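The values are calculated or read from the model by the stated rules, or taken from the named source; none is laboratory data. None of the values given here were measured: they were computed from a predicted structure. Counting neighbours? That spans all protein chains shown, and the Cβs are built from the backbone with ideal geometry, glycine included. These accessible areas exclude ligands, DNA and RNA; they are computed on the full protein's heavy atoms, side chains included. Shrake-Rupley method; radii C 1.70, N 1.55, O 1.52, S 1.80 Å.
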Amino acid sequence: MTVIKTIDYKNDGEFHEKLIEEVLSAYPEKTAKKRAKHLAVTKDGASDCGVKSNIKSIPGVMSIRGCAYAGAKGVVWGPVKDMVHISHGPVGCGQYSWSQRRNFYTGETGVDSFVTMQFTSDFQEKDIVFGGDKKLKTMIDEIEALFPLNKGISVMSECPVGLIGDDIESVAKQKAAEIGKPVVPVRCEGFRGVSQSLGHHIANDAVRDFIFDKGKEESEFQSTPYDVVLIGDYNIGGDAWSSRRLLEEMGLRVIAQWTGDSTLAELERAPKAKLNLIHCYRSMNYISRHMEEKYGTPWYEFNLFGPSRIEFSLRAIAEFFDDKIKEGAERVIAKYKPMADAVIARYKPRLEGKKVMLYVGGLRPRHMVNAYEDLGMMIVGAGYEFAHKDDYQRTSEYVKEGTLIFDDVTQFEMEKFIERIRPDLVGSGIKEKYATQKMGVPFRQLHSWDYSGPYHGYDGFAIFARDMDMAVNSPAYGLFKAPWAKGPAPEAIAAE
Amino acid sequence: MPQSAESIKDHAELFKEPEYQEMFARKRAEFECRPPEERVQEVAEWMKGWEYREKNLSREALSINPAKACQPLGAVFCAAGFDGMLSFVHGSQGCAAYYRSHLSRHFKEPSTAVSSNMTEDAAVFGGLQNMIDGLQNSHTLYNPKSIAVSTTCMAEVIGDDLQAFIAKAKQQGSVPQDFDVPYAHTPAFQGSHVDGYDNMLEGILKHYWINATPVRDESINIIPGFDGFCVGNIREMKRMLDLMGVSYRVVCDPSDIYDTPANGTFEMYAGGTTAEEAKAAINAKATISLQEYCTKRSLAMCKDKEQETAALHYPLGVAATDEFLMKVSELTGKPIPAALELERGRLIDAMTDSSAYIHGKTFSVFGDPDFCMGVVGFMMELGAEPLHVLATNGSKMWAKKIKKQLEASPFGSRAQVWPGKDLWHMRSLLMTEPSDLLIGSSYGKYLERDCKIPLIRLSFPIFDRHHHHRFPLFGYQGAIRMLVQILDKIFDELDRGSNIAGKTDISFELTR
């Protein structure tokens, strides 16, 4: 276990246990039984958080989860910038995920980069009836004709594709041979699995099966002893860049970024690295384990949120290398520590003792804990949309005793928890944002950084601190009660 | 160091710093294997030309940057317009998450919908059990007054039968027998969000009207249609109708649920058309749709009940508002009051004051079929000339109709109408035949960047500007607001083009 010493506190476990009982009592019996397994309070010394995870969501309860397509196209493949990603099926999936993940990139959009574009086969009834394979072939020809600088094409399946028996694999094979570029079929129909998570896995497998050991970039590439790959960072608001800067500054050579701001060449060359550095373990552990098995590349889950974790991670990464890199890590830490200290000096007095609830995807509810604590804030509750058992094991290293844990939380539970706990800040997604703010509780989106960022590295920590302060200390929350209104100031009240 | 505690830079400034710029250049040179810069520029130039336009317009299969969404989004929006009605989307769970996010990003408001969370086993065995469990859970947990069921494409492809499923679920006690569960099949592979709105509305009316016989009264129904500006527009329309003193009901009114106050309490349900109103709507003497292409089936239902019907096209500007008010007056027998004529006069006054800055300007517009017609109408009243009118979800019949509208004005003679085309087509059109202004949604910002044509955001979705939808476009007052928004864009551009001291500032004038 790697516990980083930040601040000491315990949460009110007894109160949280009661809260769990309270929310469960509102469900029909069968549903309450199922939901009970996903709610728990952490105990000191336990090896995980005491919840079951990665289980089907219950119909009608308003789970916050997305689907396999969202995990495969929205998360893993979508950011690969010099490839064209087809949302294969009806228009909606591609439309709702168009330009929403904030995967920053450099390049000329529409010419040599395609991230913020929506390519769709816009299935019509006839495609459902007669199949979409022929249309897919035509589409690939049209992409080649209109976007000659594309480096390859991915075919991201939406629900109908898997239901009508289309054979996108054979289309992909045929067209890849014809155009001499990778055409990658990704079977990420939204009904597969229980959340975004299976989509990540399927997307990882597609990299393994259709990219590795195929490109010429890979064979011609000259590696060095300091080559690393930054894996599982999708460059939300530029996160991968503020991380990359530190890795480069300590003397490492980042030969590929996966997949934020990445190119096909970066996917192809990754097996040449000496070490894979995983940011989002949940979405890319599969391919990292594969590279470990096949190419002998070790991997390490690092965390660049907040100075405590940054220092720890940079040193831990340096341990894989020689003294030159170890000295580099110390140099980087020494260089930026004064800035981080100044950020803490400015914001900690404004944030100290504030209670935070986190509900995000598969990574941030643990990775961000120490960053909040660096600012004197306390995590009272945390949960994941699509985490697995190993994520909750990892989480137990981060959270304090008595923390309320909620897996695949329902909208109802989330609101009740907020109403009863009245945290000073909630970090979650767009669907949770506005209801929470109406309850008088400050909120920051932690998928999209609420259109801010980056939050990684030292540069990002300053922005993170600023943003949390502007939420928690926004004057608007002091204006909820009209001066002429009778009774006490409004408390957070959830919808009935 | 690019960052400091005193002056914190986020992405908007941080990545312009030399440390990052050098890093980007290094990454590009050493690792990205991108085509040489000259080649990129050569292709970029080629993409601006007529040859590329022809290639682009001859696409048969590929859709790029379409300006439309799928049916269930419209269904969820429609259900939000009814009091206490919870949207229940039958099919894959990710879809419901997408609709909720999409609506929230536009309205900056909560958007609720449950899913029946169908997964692989449901794909094989059908989603009946999901419906049974889902209705029970959502009914118990969220205490709705009614539940509106729509479908994702998954449920449609496997052929789930909503009517039978809902009946079965009621039999099993998921919800009480007499609990209102209107439904609509909303396949994503037919039509677009405007059809989803229509299908859901038809489903709701069917549900409430099924055993009812109309008892004619003096009231009229107004169906607003799918509208990102519903908050401002419906309120403005109600204000005008109240001034006229007519008896009306808005059938599908999401103006309150997408604009709830921050007061410490989250209201999951807030206002909207009540079940009683929906039932009583059958008795109206007439129904006016404000968007024909959102209401074809719903309006046909009203006609079936022997109501008079009228279909407008997103009434914007003087003549369209006149038409709306005169239609209401004709149907109800109530005169248009002096107060509204006064407002009309004020709009005309503002137009005479300012139209010199718009007259002769060319513009292009994209969006839903009715929206395009509304914009074209008002802009031509201001003396602007439409060049490209594009509706991804517009049909050939729509094209015919809008061409008639264009032919009726001398300002419409240069317009080209593009039904079924997308925003990548629009890119080629604007590169080869540019207009002075572009009107549409936030999706147009990529066109604004690439074609250097100022974008005016007047249509769903608007993700990157806040709160505009809380103000109306409808009515004479809405038209003034729209006029101001267009003028502001033009004035800002004028100033931006003349703001370098000593170089371009000859026309940097104080009074315009």
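Among beta bridges from DSSP that stay inside the protein assembly as shown, the antiparallel ones total about 10%.
Peptides B:67-80, B:337-350 ranked from most to least packed by the mean count of surrounding Cβ atoms within 10 Å: B:67-80, B:337-350. Where the centroid of each part is defined by its Cα atoms, how far is the stretch A:83-123 from the stretch B:141-204 in Å? Rounded to whole Å, the Cα centres lie 30 Å apart. Here A:Ser223 sits with roughly 60 square angstrom of accessible surface, probe radius 1.4 Å. Can you work out the PRE-style zone for A:Arg315? Point 7 Å along Cα to Cβ, and I want the residues of the stretch A:337-368 with backbone N under 16 Å. The answer is A:337-338. Helix B:162-171 axis versus longest C-alpha principal axis of chain B: approximately 50°, rounded to the nearest ten. Placing unit charges on each Cβ (+1 for Lys and Arg, -1 for Asp and Glu) gives chain B a dipole about its Cα centre, and among B:Ser409, B:Val250, B:Ile223 the Cα reaching farthest toward its positive end belongs to B:Ser409.
Using heavy atoms of the protein chains and a probe of 1.4 Å, the accessible area assigned to B:Trp398 is about 0 Å².
Distance between the pseudo-spin-label points of A:Ala26 and B:Asp304 (7 Å out from Cα toward the beta carbon): 3.8 nm. The mean sequence separation of alpha-carbon pairs under 8 Å and at least six residues apart, normalised by the residue count of chain A, gives a relative contact order of 19 percent. The listed residues A:Arg394, A:Arg444, once ranked by accessible area (1.4 Å probe) with the largest placed first, stand as A:Arg394, A:Arg444. Shown here is the pair-distance distribution of chain A: with all Cα-Cα distances grouped in 10 Å bins from zero up to the longest one, the shares run 4, 19, 28, 26, 16, 6, 1, 0 percent. Shape descriptor for the stretch A:68-193: Rg over Rh equals 0.94 (Cα atoms; Rh from the Kirkwood inverse mean 1/r).
Computed per residue of the protein assembly as shown from DSSP H runs no shorter than four, each worth -39500 (n - 2.57), the mean residue ellipticity at 222 nm is -13500 deg cm²/dmol. Of the two radii for the stretch A:336-488, the radius of gyration is 0.97 times the Kirkwood radius, both from the alpha carbons; that is the Rg over Rh value.
Ranked from largest to smallest solvent-accessible area, with a 1.4 Å probe on the protein heavy atoms, B:Lys279, A:Lys433 come out as B:Lys279, A:Lys433. Based on every Cα atom in the protein assembly as shown, Rg and the maximum pairwise Cα distance Dmax equal 28.4, 90 Å. The dipole here belongs to the stretch A:131-232: it is taken about the Cα centre, uses +1 on the Cβ of Lys and Arg and -1 on the Cβ of Asp and Glu, and is about 140 debye.
Rounded to the nearest 10 degrees, the inclination of helix B:338-354 to the longest alpha-carbon principal axis of chain B is 20 degrees. Across the accessible surface of chain A, with the other protein chains kept in place and a 1.4 Å probe, carbon and sulfur atoms take up 53 percent. Once the Cβ-Cβ distance of A:Phe130 and B:Ala338 is raised to the sixth power relative to R0 = 56 Å, the FRET efficiency obtained is 0.35. The C-alpha atoms of chain B define a longest principal axis, and helix B:230-244 lies at about 70 degrees to it.
Please list A:7-20, B:357-370 highest first by mean number of surrounding beta-carbon atoms within 10 Å per residue.
Averaged packing, sorted descending, gives the order B:357-370, A:7-20.
In plain terms, the C-alpha convex hull of the stretch A:227-335 casts an average shadow of 6.3 nm² when viewed from every direction. Annotation for the stretch B:349-380 versus the stretch A:237-254: alpha-carbon center distance of 49 Å. With just the Cα atoms defining each centre, how far is the stretch B:29-99 from the stretch B:476-512? Give it in Å. Each part's Cα centre sits 32 Å from the other's.
Relative to the Cα centre, the charge distribution of chain B, modelled as +1 at Lys and Arg Cβ and -1 at Asp and Glu Cβ, gives a dipole magnitude of about 640 debye. Placing unit charges on the Cβ atoms only, positive for Lys and Arg and negative for Asp and Glu, gives chain A a dipole magnitude near 860 debye about its Cα centre. Buried area at the B:A interface is about 9600 square angstrom, summed over both chains, from accessible surfaces computed with a 1.4 angstrom probe. Peptide B:34-43 has a mean of 4 when you count, residue by residue, the C-beta atoms of other protein chains within 10 Å of its C-beta. Normalising the average separation of contacting C-alpha pairs (under 8 angstrom, six or more residues apart) by the number of residues puts the relative contact order of chain B at 16 percent. Stretching the chain fully between A:Glu292 and A:Met470 yields a gain of 59.8 nm (0.36 nm per residue, less the alpha carbon separation).
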